[in-house]
Every structure is written in structure tokens, then in C-alpha cells.
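Report on one structure; see the data block that follows.
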Amino acid sequence: MINAVIIDDEKKSRITLCNHLKVYCPEIKILAEADSVKSGVEQITKHQPDIIFLDIQLPDGTGFNLIEQFKEITFRIIFTTAYSQYAIKAFKFSALDYLLKPIDIDELISAVQKIKTKDASPELNSKIKLLGQNLHNPSAPFKKIILSTLDSFHFVETEKIVRCQAQDTYTMFHLESGEKILVTRTLKEFDELLQGQNFLRVHKSHLVNVQAIKKYLKSQGDIQLNDGTLIPVSQRTSLIQLIEKLNSPSR
């Protein structure tokens, strides 16, 4: 059995989640419930659960405030949230598990199955800190993204990413330093995730940081990056869009 604590200030949400877990995830044993940061800390300390289901907004603080009460996180966390699409992107940038309210049963089962296969991540504190920063600055572009590889997590500043290149169902990240990181997600996912972050899909296989573009070669139909790399520009890509990006104030 996997011991769990549910922390959510809405009684209806706690009851619904408990019922879903009993029916669809019987391996989860609910040891206790809490409705605030204070009571959540008390129940975690008392029961030492394997996993907590944690709401972000609580009456006496946030889920982040609760986590800060523990010097070492020995439990796994699935956040539950009713946040906007912006927040969902923040979770993805931070590589953290979440369930969007109202909770979908298939997503709940998937989240539980996924979290069963891994221990509490040693990078969890850093991930949560990054998530908190991103959620508290909704008008600013995300400064960092966490890239998950087969054996590690990389905390990367988005402005240090030169380009992303599709490699079948993987994506190769090329950084300013020359480092390459192969990530176990598709380029399509990062194209959607990095929208609004000054990146442009210039080709089906290439996503480029416009700050790294040196010039557009009309005769070849390529763009040249600051490091000399030539990237083909697909005819499906709007050259007007590319020019607008190159001439944006951020340049």
C-alpha cells in the first residue's frame, strides 16, 4: 500500500478525490486529510506519508509555504489546482506532476502510476522554487526550464537555449555553451511550451531562439545563427513572422 495525505481547503474536493482513489487507485491508502498549511504540516509530521495530494491555494498560505516547513522532503507530491492555462505551462516548465480540477479519472490514474515508479526527487525543492517563481510572475516570460533526460534533470535558462532539433520522438537542445541535452519529449511539445518565449519554429525539425539568429540568406532559404550554424527555413514558415521576430524590441 501507498500511504497518502490529502490537503485541500474544499471539503467537496477532498471527498471527490478520496472516492476516486478508493475506486480507481485502491493501492493508495488515505491516512488523513487537512484543510490548511498548519493542519497539513501536522498530518504529514504525524503520519509520514509516501505521497501527498496538495492544493496550491490554502486559507493560511500556499502549498509552497507548507513545503517550506520541511527541511527534507521525503514524500512525493501531486499538486491539485484550478489554475489557468498559464499555470499549467508553469508546471510543465518545472517538470512537476499536477492534476487540474475538476480531476479527470484517467489523469489521476496516470499520475499515480507514474509517481509509483520514482522516489522523491532530490531536485524537488529546486523544482518547487522555480514553479513558485513562475506562478508569482504571470506577466514575465519564464526564465528557466527543467529538461528531463533519461537519467537526470537539467535546470536551463531559456535565453541560453540556441535551438531545439527534433530527433524522432526526442528533442536535442543546443545551448550557448556548446552543451547538448537530449530530452525525452517531442519538438512539438516544446514548440507549444516555448510560445511567447522568443522562439520560432522555422522548420518541422527546428525550433530557434530568435536572439541567436544572425541573418537570413535569401538565396539559400536558410537562416544563419551566431555560431555559424545554417538552419533551413520551411516554406510553411511565414517569413513575415520571422522578420517581425528579428525586428522585435527584445532584439
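A short reminder: the numbers here are calculations on the coordinates, not readings from a lab. Just so you know, these numbers come straight off a predicted model, no measurement behind them. Cβ atoms come from the backbone with ideal geometry, glycine included; neighbour counts cover every protein chain shown.
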Dipole-positive endmost among Leu21, Gln224, Met1 within the chain (Cβ charges, Cα centre): Gln224
For Phe64, net neighbour charge (Lys/Arg +1, Asp/Glu -1) across residues whose Cβ lies under 13 Å away: -1
Cβ charges +1 (Lys, Arg) and -1 (Asp, Glu), total dipole of the chain, debye: 720
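Using the Cβ atoms and a cut-off under 13 Å, what net charge is assigned to the surroundings of Glu179, where Lys and Arg are +1 and Asp and Glu are -1?
0
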Shape category assigned to segment 2-135 from the gyration tensor of Cα positions, a/c cut at 1.5: rounded
Degrees separating the helix 11-24 axis from the principal Cα axis of the chain, which is the longest one: 80
Helix-only CD estimate at 222 nm, as mean residue ellipticity for the chain, using -39500 (n - 2.57) per DSSP H run (n ≥ 4): -9000 deg cm²/dmol
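Take the Cα atoms of the chain, build their convex hull, and give its volume per residue in Å³.
136
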For peptides 199-212, 142-155, 66-79, sequence by mean Cβ density within 10 Å, most packed first: 199-212, 66-79, 142-155
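Could you pull out the pairs from Lys92/Lys129; Lys46/Lys116; Lys160/Lys188; Lys12/Lys143; Lys11/Lys92; Lys92/Lys204 whose alpha carbons sit more than 25 Å apart here?
Table pairs above 25 Å Cα-Cα are Lys12/Lys143; Lys11/Lys92.
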Helix 105-116 vs. the chain, principal-axis angle (Cα, 0 to 90°, nearest 10): 90
Theoretical gain in end-to-end length, Asn3 to Asp106 [0.36 nm per residue, Cα-Cα removed]: 35.0 nm
C-alpha long axis of helix 124-135 to longest principal axis of the chain, angle in °: 70
